[in-house]
Amino acid sequence: MEVYVGLDLSRKRLDWQAVDEQRRRLGEGAITPDREGLARLVLQLGSEVVGVIESMNGARFVHDQLELAGWDVRIANAERVKGLAPLACKTDKIDARVLAELGALGLVPEIWLPDPRVRAERELARFRMHLVKQRTMLKNRIHQTLIAYGVPCPVADLFGVRGRRLLDGAELPAAWRASTEASLRLLEQLQAEIDACVGELRRQNLEHPYVPLLVTGDRVRRGVDLGTRETFADLGQTLAHNFGVGTLSHGTSFLEEILGHPA
């Protein structure tokens, strides 16, 4: 007999209802959504089970644990389930019974779930992006502090060697001096974590597409390797630096690198 189990996940509990292929109720209950609770559910219902759960935070953990125990677990698209619910139970409320009956009817709007290895790779790449975003926010905060207290910024890279000398000598009120120094310390820590993420991505030989950038002109040195830029904003910052229109809020200029002398 095929058993279909709907799984209604909330923060502290997982409600379940089981039906057979004729949509007759076989049982229901609630467990804690952790390894022990899921193991008890498998012991109670067996391993030859089709489970259905809505896509939400925590659903992947439930999916992985039950799949390891032998279940066939399908993660349903939450938006599409709302439209299909009346076909199962003549109701708009999405609960464990609706999910179980959609499973028995073969109407689960299933989403594709990457395997754990791919998810781990994506998490590493996403975490790196998160760290880069935090770093950018801190840099922008320091730029805004200088603007607020009339400190000019004649350098293209405020966080390079020349820029750090400017920051060290900038006249700022005590509170803003302290917050700026704290931000600089955090930037160093963030850079170390970003470098570690990049190193791990390279160790795993993960390939990510990049857009090649070719710079040419009468003043441009030949054979300059600009490396991998963190953002397209570097291009805008370089153009602003070249035409003398002031410093933009984002990006790092590479004008001095391609000219070979201070611009």
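The values are calculated or read from the model by the stated rules, or taken from the named source; none is laboratory data. Because the structure is a prediction, the values reported are computed rather than measured. Glycine gets a Cβ as well: all are built from the backbone with ideal geometry, and neighbour counts include every protein chain shown.
State whether the residues of segment 32-52 include one that is under 12 Å from Arg97 (Cα atoms) and in a strand (DSSP E or B).
Yes.
For Gln17, state whether it is surrounded by 17 or more Cβ atoms within 10 Å (Cβ to Cβ), closer than 23 Å to Asp115 by Cα and modelled with pLDDT of 90 or more. Here the answer is no, as Gln17 does not meet what is asked.
Among helices (runs of 4 or more DSSP H) entirely within segment 109-221, having at least 2 residues that are under 30 Å from the mean Cα position of the chain (by Cα) and surrounded by 13 or more Cβ atoms within 10 Å (Cβ to Cβ) singles out 116-148, 174-203. Checked across segment 195-205, the condition of being modelled with pLDDT of 90 or more, of a type in the set (Val, Ile, Thr) and out of contact with any Cys (no Cβ under 7 Å at 6 or more places or on another chain) holds for no residue. Considering segment 41-59, the residues that are surrounded by 13 or more Cβ atoms within 10 Å (Cβ to Cβ) and either β-branched (Val, Ile, Thr) or farther than 16 Å from Asp8 by Cβ (or both) include one that is nearest to the chain's Cα centre (by Cα), namely Ile53. Of all residue pairs spaced 6 or more apart or on separate chains, those with beta-carbon atoms under 6 Å, a first member in segment 106-126 that is closer than 23 Å to Gly51 by Cβ and a second member that is aliphatic (A, V, I, L, M) and modelled with pLDDT under 85 are Leu107/Leu84.
Of the residues Gly46, Gly70, Gly51, only one is closer than 23 Å to Pro116 by Cα and out of contact with any Phe, Trp or Tyr (no Cβ under 6 Å at 6 or more places or on another chain); which? Walk me through how you get there before you give the answer.
Numbers: Gly46 fails: closer than 23 Å to Pro116 by Cα; Gly51 fails: out of contact with any Phe, Trp or Tyr (no Cβ under 6 Å at 6 or more places or on another chain).
The conditions single out Gly70.
For segment 60-83, taking the residues that are touching a residue at least 40 places away in the same chain (Cβ under 8 Å) and surrounded by fewer than 19 Cβ atoms within 10 Å (Cβ to Cβ), the one that is farthest from the chain's Cα centre (by Cα) is identified as Asp64. Among (1) part of a helix (DSSP H, G or I); (2) not assigned by TED's automatic domain parsing to the domain that holds Thr145, there is one condition Val245 misses while meeting the rest; what is its number? Of the numbered conditions (1) part of a helix (DSSP H, G or I); (2) not assigned by TED's automatic domain parsing to the domain that holds Thr145, the odd one out for Val245 is (1).
For segment 61-97, which positions are assigned to a helix (DSSP H, G or I), modelled with pLDDT of 90 or more and not aromatic (Phe, Trp, Tyr)?
Val62, His63, Asp64, Gln65, Leu66, Glu67, Leu68, Ala96, Arg97
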